[in-house]
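Notes follow the structure.
No lab work stands behind these numbers, since they all come straight from the coordinates. All figures in this text were calculated on a predicted structure; none of them were measured in a lab. So basically every Cβ, Gly included, is an ideal-geometry build from the backbone, and we count neighbours across all protein chains shown.
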Amino acid sequence: MPDFRTTIGDTSVDIRACGILKYHNKYYVSIEEDGTQTLTGGAIKTNETSADAVIREFREETNLRVKINKFIGTVENIFMFKEKPYHQIIFIYSVDFDGDSLINFETEEQLDYKWLAASELKDLKPKVLNDIILNEQDSISHSICKE
């Protein structure tokens, strides 16, 4: 199944999903080659739910088996990428370990992962994710991030 991505005019558009995994008051984040902190997740594939995308992405990227705890909210992320406009819709879920959590196959992506305390989450991208995690709201949020 292809990723939910397209180009409209000169603007790239995609729909993503990510998960917030918290354990012992620390959050599981990926660290990209340039030092950018992100939550585990990725593009939703056609005919895939956002929740299923989060579960798949954790498995592919981290070898962790997770289950959805609850829907946190959405982010409209509007930014420039390679000097062109980009518009992303991101579905955010809190997740928990599912069973023994580890599965037995190689990860498809080579990213660095760390458990970080909330005070260390100042560089998550998009920036609004930092606020969402720190506020731990009980209600569903909708955020707009223009970078």
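A few comments on the model shown:
- Read-out mean projected area of the Cα convex hull in nm², derived from the coordinates shown; its label in (i) 10.0; (ii) 12.8; (iii) 9.1: (iii)
- Percent of beta bridges antiparallel (DSSP, the range 5-146, rounded to nearest 5): 65 percent
- When exposed loop sites are taken as trypsin sites (Lys or Arg not before Pro) in a DSSP loop with at most 12 other Cβ atoms within 10 Å, the longest stretch of the chain clear of them is 1-81.
- Taking the charge dipole of the range 5-146 about its Cα centre, with +1 at Lys and Arg Cβ atoms and -1 at Asp and Glu Cβ atoms, the residue from THR36, ALA17, PHE97 reaching farthest to the positive side is ALA17.
- All lysines inside 24 Å of LYS70 as judged from Cα atoms, apart from same-chain residues fewer than 8 positions distant: LYS22, LYS26, LYS45, LYS114, LYS122, LYS125, LYS127
- Contour minus Cα-Cα distance for THR6 and ASP112 (0.36 nm per residue): 35.4 nm
- Approximate spin-label separation PHE81-LYS22, in nm, with each point projected 7 Å along Cα-to-Cβ: 2.8 nm
- Under 13 Å, Cβ to Cβ, from VAL29 - net charge with Lys/Arg +1 and Asp/Glu -1: 0
- For the range 2-105, a simple Cβ point-charge model (Lys and Arg +1, Asp and Glu -1, everything else neutral) yields a dipole of about 280 debye relative to the Cα centre.
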